[in-house]
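**Student:** This is the structure I have questions about; it appears just below.
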Amino acid sequence: MKPPLHAIGQIPPRGKSGSFGPGGDSSGWNEKQTTGANILNAMTSASGTSTLTQDSPRFTGKELRRKASRESHADWEPAPGRDPLKILLAQGESRVQDLLPIRYGRMSASPFAFYRGGAAIMAADLAHTPATGVRVQACGDAHISNFGGYAAPDRKLVFDLNDFDETLPAPWEWDVKRMAASAAIAARENGASKKVARRIVLAGMANYRRVMRELAEKSYLDVWYERLDVERMIEFLEEENGTDWGVSLRRDTRKASRKDSSRAQRKLTEGSAEGEPRFASRPPLLVPASELAASLGVNDIDMIWGYLEQLMGQYADTLAADRKYLFEHYEFVDMARKVVGVGSVGTRAWVLLFISRRRKDPLVLQVKEAQASVLAPYAGASKYRLQGRRVVEGQRLTQAASDLFLGWIRAKGPDGNERDFYIRQLWDGKLSIDIGSLDELGLTEYVRACGGTLALAHARTGDRVGIADYLGKNDSFDQAIADFSLSYAKQNQEDFKAFTAEIEAGRIDATPGI
């Protein structure tokens, strides 16, 4: 069987699979550069806008190595005056204040959870690291929990990046370091030794490099059509590691295929006196808009419903004509605030329930606030005036297949402030991997898939030939990123300890376990 292009690659030798055990290797675990600031000056336009253009300069690998050697990426040194908690708390100023304790409580669960919520912290750190100046449509938050499966429009489950809140044209190295460091942090948290954590990072980097080099030989159209179907990935893993691998994965894919709007309606709604379903009240994680109205200073809920219908007309205009036609089969029924994720907690996030006029089948959409990307202070502002559009356009550029209902709106809240939102289906075949349950072999294969998938995302919008030539045939870049990842994992651990100390001292209000 021909392997999925970006699911596999040649990786360092590994031991047998086993569960993570305490203390490292037991239980199956085996053992003159261009500065970031100068590169950023070169990659932003005179207006300070971060752009991505087809006519960007093309460089050879040798030219790019003069800008930033592959070995230079090993370096990690905190910038003078670095204050990660100041960055984190400042980010909370524009969010829903009564939800911040939930955000901080979730981030306090573990170093990996803290890392997930700390995209703004790492963005500031990455701005000072070496970069070649080659830009891609960066994810902006490419940690390994932001990869997973979802249903493509043809209904096949695909594996890809699935979070684009921070997307922006930016150095490709930033995404790579964000992903690689997350792999090291997850491995250490699951009980791996530094040696094993390093090997897992190297597996992901080897596959990133291999896939980028393969894609450099393909046409633009071939790269654009390339994607990783989950079924193909399972078949290859079964062939490589035995049929037992497919048992749990196929069970998870069957479960994911049932996560759609019908399931969302069953899980999140209940009957009403009007005879139509309404969102259930499960504060603080799910709160119907009718219950929030008074606290938001809204007295006339019908007026809000009318305004919302106008916004849905605005949203429909952001869809392609065929998808707009499909959407117009549905009519609005109800709305609720729904808390999701870790880093996103505190941004305004809603779920909307629609019912088709004739068949009465449901459509559940998520409306999620889009603020400026955490990369913007360092890579330049988005060329899009609306942040919701920034997210949607970035996602469409980067993903191999995207949600039918991706769109955006700008809305004025009860406080009179205008905010940007993007819209998508709440659930559409979502397949998430429990990172904490993976043994060495499982995490290695998962990180390999993430590395290959990230390479495909970058190849779609960046100079894949230049990047591939820069990476080269040997593992110099891989080794450097492994060094960086372990150093940054240690930095993240120190930041996490400082964060939890502030919570214990009562200076940060956190509510864990929600």
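The values are calculated or read from the model by the stated rules, or taken from the named source; none is laboratory data. Computed from a prediction, not measured in an experiment: that's the story for all the values here. With ideal geometry, Cβ positions are generated from the backbone for all residues, glycine too; neighbour counts draw on all protein chains shown.
**Student:** Of the conditions (1) crowded, with 24+ Cβ neighbours inside 10 Å; (2) within 18 Å of ARG250 (Cα to Cα), LEU454 fails just one. Which one is it?
**Tutor:** (2)
**Student:** Run TYR225 past the list (1) at pLDDT 95 or above; (2) buried (at least 19 other Cβ atoms within 10 Å of the Cβ); (3) more than 14 Å from THR398 (Cβ to Cβ) and report the number of the one that doesn't hold.
**Tutor:** Condition (2) is where TYR225 drops out.
**Student:** Could you grab me the full set of residues in the range 355-383 that are more than 27 Å from TRP427 (Cα to Cα) and more than 16 Å from the chain's Cα centre (by Cα)?
**Tutor:** Residues satisfying the conditions are ALA376, PRO377, TYR378, ALA379, GLY380, ALA381, SER382, LYS383.
**Student:** Name the single residue, out of those in the range 379-394 being outside any loop (DSSP other than H, G, I, E, B) and among the aliphatic types (A, V, I, L, M), that is nearest to THR511 (Cα to Cα).
**Tutor:** VAL391
**Student:** Only one residue in LEU441, LEU397 is of a type in the set (A, V, I, L, M), outside the structural domain of THR167 (by TED's automatic domain parsing) and assigned to a helix (DSSP H, G or I). Which one?
**Tutor:** After ruling out the rest, the residue left standing is LEU397.
**Student:** PRO169 fails exactly one of the following numbered conditions: (1) closer than 20 Å to THR49 by Cα; (2) touching a helix residue (DSSP H, G or I) at 6+ places or on another chain (Cβ under 6 Å). What is the number of that condition?
**Tutor:** Condition not satisfied by PRO169: (2).
**Student:** What do you reckon, is ARG209 among the basic types (Lys, Arg), crowded, with 24+ Cβ neighbours inside 10 Å and within 14 Å of ALA482 (Cβ to Cβ)?
**Tutor:** In short, yes.
**Student:** Cβ-Cβ under 6 Å, sequence separation 6+ or interchain: first residue in the range 64-93 and more than 25 Å from MET107 (Cβ to Cβ), partner acidic (Asp, Glu) and part of a helix (DSSP H, G or I). Which pairs?
**Tutor:** ALA74/ASP483
**Student:** Moving on. What pairs come up if the first residue lies in the range 239-251 and is at negative phi, the second is surrounded by fewer than 11 Cβ atoms within 10 Å (Cβ to Cβ), and their beta carbons are under 7 Å apart, counting only those six or more places apart or on different chains?
**Tutor:** From residues that are at negative phi, the pairs are GLU239/MET1.
**Student:** When the range 356-378 is examined, which residues are found to be assigned to a strand (DSSP E or B) and surrounded by fewer than 19 Cβ atoms within 10 Å (Cβ to Cβ)?
**Tutor:** Matches in the range 356-378: SER356 only.
**Student:** Can you find even one residue in the range 63-86 that is of a type outside the set (Asp, Glu), outside any helix (DSSP H, G or I), farther than 24 Å from ILE185 by Cβ and in contact with a strand residue (DSSP E or B) (Cβ under 9 Å, 6 or more places away or on another chain)?
**Tutor:** There is no residue in the range 63-86 that is of a type outside the set (Asp, Glu), outside any helix (DSSP H, G or I), farther than 24 Å from ILE185 by Cβ and in contact with a strand residue (DSSP E or B) (Cβ under 9 Å, 6 or more places away or on another chain).
**Student:** Looking at the range 154-192 only, could you name the residues that are in a helix (DSSP H, G or I), aliphatic (A, V, I, L, M) and in contact with a strand residue (DSSP E or B) (Cβ under 9 Å, 6 or more places away or on another chain)?
**Tutor:** MET179
**Student:** Determine, yes or no, whether ARG232 is within 19 Å of HIS73 (Cβ to Cβ), basic (Lys, Arg) and not in a loop (DSSP other than H, G, I, E, B).
**Tutor:** no
**Student:** ALA197 versus (1) within 24 Å of LEU443 (Cβ to Cβ); (2) assigned to a loop (DSSP other than H, G, I, E, B): which is the lone unmet condition?
**Tutor:** (2)
**Student:** Is there a residue being of a type in the set (A, V, I, L, M, F, W, C), over 27 Å from GLY341 (Cβ atoms) and crowded, with 18+ Cβ neighbours inside 10 Å anywhere in the range 242-263?
**Tutor:** Yes, the range 242-263 contains at least one residue that is of a type in the set (A, V, I, L, M, F, W, C), over 27 Å from GLY341 (Cβ atoms) and crowded, with 18+ Cβ neighbours inside 10 Å.
**Student:** Among the numbered conditions (1) within 17 Å of the chain's Cα centre (by Cα); (2) part of a helix (DSSP H, G or I); (3) closer than 27 Å to LEU406 by Cα, tell me where LEU99 comes up short.
**Tutor:** Going through the list (1) within 17 Å of the chain's Cα centre (by Cα); (2) part of a helix (DSSP H, G or I); (3) closer than 27 Å to LEU406 by Cα, LEU99 breaks only (1).
**Student:** If only one of SER487, SER432, SER437, SER476 is within 13 Å of MET205 (Cα to Cα) and surrounded by fewer than 19 Cβ atoms within 10 Å (Cβ to Cβ), which one is it?
**Tutor:** On inspection, the qualifying residue turns out to be SER476.
**Student:** Identify all residues within the range 379-429 that are under 25 Å from VAL298 (Cα atoms) and surrounded by 19 or more Cβ atoms within 10 Å (Cβ to Cβ); write none if there are none.
**Tutor:** The answer is GLY388, TRP408, ILE409, ALA411, ASP420, PHE421, TYR422, ILE423.
**Student:** Within the bounds of the range 322-329, is there any residue that is among the aliphatic types (A, V, I, L, M) and at pLDDT 95 or above?
**Tutor:** Checked against the condition, which is being among the aliphatic types (A, V, I, L, M) and at pLDDT 95 or above, the range 322-329 yields at least one hit.
**Student:** Also: Taking the conditions exactly as written (within 20 Å of ALA142 (Cα to Cα) and buried (at least 22 other Cβ atoms within 10 Å of the Cβ)), does TYR104 satisfy them or not?
**Tutor:** For TYR104, the condition - within 20 Å of ALA142 (Cα to Cα) and buried (at least 22 other Cβ atoms within 10 Å of the Cβ) - is not met.
**Student:** So which helices (runs of 4 or more DSSP H) stay within the range 280-341 end to end and still have 3 or more residues that are assigned by TED's automatic domain parsing to the domain that holds LEU353 and exposed (fewer than 14 other Cβ atoms within 10 Å of the Cβ)?
**Tutor:** Once the helices (runs of 4 or more DSSP H) in the range 280-341 are filtered for at least 3 residues that are assigned by TED's automatic domain parsing to the domain that holds LEU353 and exposed (fewer than 14 other Cβ atoms within 10 Å of the Cβ), what remains is 301-316, 321-327.
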